[in-house]
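Here is the structure we will look at.
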Amino acid sequence: MFVRFLEIIGASVLELLYFIGDVMLLFIGAVKQMPVKIRLRHVIHQMSHLGVDTLPIVSLTMMFTGMVMTLQVANEFIKMGAESTVGGIIAIAIGRELGPVLVGVVAAGRVGSAMTAEISTMKVTEQIDALRVMGTNPLGYLVVPRMLACMIMVPLLTVYGDVIGVVGGWGVAKYYAGISSYVYVNSIPEYAVLNDLTGGLVKAVVFGVVIAVLGCYYGMKAPEGAEGVGKATTRSVVSAIVVIFMLNVLLSMVLY
Amino acid sequence: MIKIENVSMSFGDKKVLDNINLEIKDGETLAIIGGSGSGKSTLLRLMIGLDHPTGGKIWLRDKDIAHMPEKELDELRLHMGMVFQYSALFDSMTVGDNVAFGLREHTDYGEEKIAEIVKEKLEVVGLPGTEDMMPGELSGGMKKRVSLARAIAFGPEIIFYDEPSSGLDPIMTDKIDELIISTQKRLGVTSVVVTHDMDSAIHIADRIAMIYEGKLIAVDTVDNFRRIEDSRVRAFLRGLYIGKEA
Ligand SMILES: Nc1ncnc2c1ncn2[C@@H]1O[C@H](COP(=O)(O)OP(=O)(O)OP(=O)(O)O)[C@@H](O)[C@H]1O
Ligand SMILES: [Mg+2]
């Protein structure tokens, strides 16, 4: 019984290591293709896709998050007479953690899944083989533009999301908790420093890579058949979200 | 010239090709026939380096491509074209962009010159003026022809066809067969055509090779092939394929 248990653990660990190795190989392969050729047109196309697809959800998600955070924080802090710290606390929490993580999760759901669906369809219909037959490296052609687009757009969306979140917080602070705009806005530069923003952006770059690499990985590994496409898409989103949360802890330890 | 030497291929425990020896001469058209699942597509994929055999060598002129790294293969592939079993057109691009793909990727031709070549290739396959259509708007036969236009756009020396006429009606099948013949004549290319249509094979090929459950059981000129006594070949000739899945 106990031995069986160990066997199962061992097998899953092995599988996890294989998975990490495979994903790293894809990542390294893509990085190696970067100096060969960068298809700027594709990068821009992917960037605009990414922006259009995620902007509305990022806006809503970040606004409501800023609002609910302030709702919780403001009441408690007013009781303690610390209302002049509310703006700063919200800005730090959003800049360091909530902004990059939530934007990452939204992008994984919207964009990572779309990448997996598109690439796995290409795989099943032999379009990836067709690329190779025509002497074009699929990593360079498919993965590199998506990776670059995510590395640029996820941080940009994070900056935007940070602003929306802080504005949402301001709305609640002013109209619900009765903290004046002056106090809320002034407390931001008093407590938050530039590193709270830039650290979050470093995270966002990493999350962008994670989303693109996993999105492409699951697409290229998709098992045959239409059913495979759906399964691969779900897996890609779930694992991207888990990896984002996991790396977020690590990055927070390193960055702050 | 392509020379396949003692090539075997397994997926996991499953042996798909078993010690294949086959030589394809420059400028000839070889048809590879065999039942469903006999390993025809697999053999074709090995010849263009999409998969690597578990054993044996595949000589392209004086180079063994069996274990060649992808980067070197990419260069050789510029001289090869492939028409896939299900066309494999890029469905996010127009027909014109599909045909232009190799030219845009590997040459610095201007758009005008590319448009000219694309126009010519589409005319050759009998689809003039379809540049702006999307693959989703095309019938199966049209897709196959666009796929051929894409394969010849770069001026290949060898063209591989995987079931170029499967799923098409008899008239379209004849049309595709004629295209394969005229392409061979016009460009002087070597053609390898996988098919399970015996009539097509007889019509287009100089020689026919038959694969049966992963083994090469016969290869000969069309005339000789028809006289082969082997019961498995005879069965296929009569259109009565008695394989695992018939
Ligand atoms: N990537 C793969 N992984 C595992 N098995 C495979 C793979 N590719 C092919 N096979 C198996 O190899 C065998 C031969 O396949 P192949 O596609 O070469 O047959 P085929 O002769 O082209 O058949 P068809 O006429 O149906 O196209 C089949 O049993 C198939 O299931
Ligand atoms: Mg096949």
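The values are calculated or read from the model by the stated rules, or taken from the named source; none is laboratory data. Note that this is a predicted model, so its numbers are computed, not measured. Cβ sites come from the backbone with ideal geometry, for glycine too, and all protein chains shown count toward neighbours. Surface accessibility is based on the protein's heavy atoms, side chains included, excluding ligands, DNA and RNA. Shrake-Rupley method; radii C 1.70, N 1.55, O 1.52, S 1.80 Å.
Which fully enclosed helices (runs of 4 or more DSSP H) of the range B:159-246 have 2 or more residues being open to solvent by less than 50 Å² (accessible area, probe 1.4 Å) and under 13 Å from B:Thr29 (Cβ atoms)? Before the answer, list the steps.
Values: elements: B:170-187, B:198-204, B:222-226, B:231-237.
Those helices (runs of 4 or more DSSP H) span B:170-187, B:198-204.
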Determine if the range A:70-82 includes at least one residue that is free of Cβ contacts under 8 Å to residues at least 60 places away in the same chain, of a type in the set (Gly, Ala, Ser), away from chain B (no Cβ under 14 Å) and not in a helix (DSSP H, G or I). yes
Could you look through the range A:1-58, keep only residues that are among the acidic types (Asp, Glu) and farther than 21 Å from A:Glu118 by Cβ, and pick out the one that is nearest to the chain's Cα centre (by Cα)? A:Glu15
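On the given criteria, is B:Thr94 more than 18 Å from the chain's Cα centre (by Cα) and either among the hydrophobic types (A, V, I, L, M, F, W, C) or more than 18 Å from B:Thr183 (Cβ to Cβ) (or both)?
Numbers: more than 18 Å from the chain's Cα centre (by Cα): yes; either among the hydrophobic types (A, V, I, L, M, F, W, C) or more than 18 Å from B:Thr183 (Cβ to Cβ) (or both): yes.
Here the answer is yes, as B:Thr94 does meet what is asked.
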Filter result (in contact (Cβ under 8 Å) with a residue 40 or more places away in the chain, among the polar types (S, T, N, Q) and away from ligand 2 (no atom under 16 Å from the Cβ)) within the range B:186-239: B:Thr190, B:Ser191
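Collect the residues in the range B:32-61 that are open to solvent by less than 60 Å² (accessible area, probe 1.4 Å) and more than 16 Å from ligand 2 (Cβ to nearest atom), keeping them in residue-number order.
Residues of the range B:32-61 that are open to solvent by less than 60 Å² (accessible area, probe 1.4 Å), as a first pass: B:32-35, B:38-51, B:53, B:55-56, B:58, B:60.
Scanning the range B:32-61 gives B:Gly49, B:Pro53, B:Gly55, B:Gly56, B:Ile58, B:Leu60.
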Within 13 Å of chain A (Cβ to nearest Cβ), in a strand (DSSP E or B), within 16 Å of ligand 2 (Cβ to nearest atom) and touching a residue at least 60 places away in the same chain (Cβ under 8 Å): does that describe B:Val83? yes
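Which ones in the range B:115-141 are outside any helix (DSSP H, G or I) and either open to solvent by less than 20 Å² (accessible area, probe 1.4 Å) or in contact (Cβ under 8 Å) with a residue 60 or more places away in the chain (or both)?
Start the filter on the range B:115-141 by keeping residues that are outside any helix (DSSP H, G or I), which leaves B:125-134, B:138-139.
B:Val125, B:Leu127, B:Thr130, B:Leu138 - these are the residues of the range B:115-141 that are outside any helix (DSSP H, G or I) and either open to solvent by less than 20 Å² (accessible area, probe 1.4 Å) or in contact (Cβ under 8 Å) with a residue 60 or more places away in the chain (or both).
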Starting from residues that are open to solvent by 10 Å² or more (accessible area, probe 1.4 Å) and away from every other protein chain (no Cβ under 14 Å), keep the ones in the range A:102-130 and report whichever is farthest from the chain's Cα centre (by Cα). A:Ser113
Going residue by residue through the range A:190-212, is there one that turns out to be over 18 Å from the mean Cα position of the chain (by Cα), closer than 28 Å to A:Ile90 by Cβ and not in a helix (DSSP H, G or I)? yes
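Just name the residue that is nearest to ligand 1 (Cβ to nearest atom) out of those in the range B:22-39 that are touching a Ser or Thr at 6+ places or on another chain (Cβ under 8 Å) and among the charged types (D, E, K, R). Write out each step before concluding.
Step one: of the range B:22-39, the residues touching a Ser or Thr at 6+ places or on another chain (Cβ under 8 Å) are B:24-33.
Pick out the ones that are also among the charged types (D, E, K, R) and you get B:25-26, B:28.
Numbers: B:Lys25: 23, B:Asp26: 25, B:Glu28: 21 Å.
Across the range B:22-39, the extreme among qualifying residues is B:Glu28.
Looking at the range B:62-79, which of the residues that are open to solvent by 10 Å² or more (accessible area, probe 1.4 Å) and outside any loop (DSSP other than H, G, I, E, B) is farthest from the other protein chains (Cβ to nearest Cβ)? If you could, list the steps in order and put the result at the bottom.
We begin by selecting, within the range B:62-79, every residue open to solvent by 10 Å² or more (accessible area, probe 1.4 Å); these are B:62-64, B:67-72, B:74-76, B:78-79.
Applying the additional criterion that residues be outside any loop (DSSP other than H, G, I, E, B) yields B:63-64, B:70-72, B:74-76.
Details: B:Lys63: 15, B:Asp64: 19, B:Glu70: 7, B:Lys71: 8, B:Glu72: 11, B:Asp74: 4, B:Glu75: 7, B:Leu76: 8 Å.
Ranking the qualifying residues of the range B:62-79, first place goes to B:Asp64.
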Return yes when A:Val183 is closer than 14 Å to A:Gly87 by Cα and open to solvent by 20 Å² or more (accessible area, probe 1.4 Å) and no when it is not. yes
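Taking the stated definitions as given, is A:Met134 more than 14 Å from chain B (Cβ to nearest Cβ) and either open to solvent by less than 20 Å² (accessible area, probe 1.4 Å) or aliphatic (A, V, I, L, M) (or both)? Break it down stepwise before answering.
On the way: more than 14 Å from chain B (Cβ to nearest Cβ): no; either open to solvent by less than 20 Å² (accessible area, probe 1.4 Å) or aliphatic (A, V, I, L, M) (or both): yes.
Against the criterion (more than 14 Å from chain B (Cβ to nearest Cβ) and either open to solvent by less than 20 Å² (accessible area, probe 1.4 Å) or aliphatic (A, V, I, L, M) (or both)), A:Met134 does not qualify.
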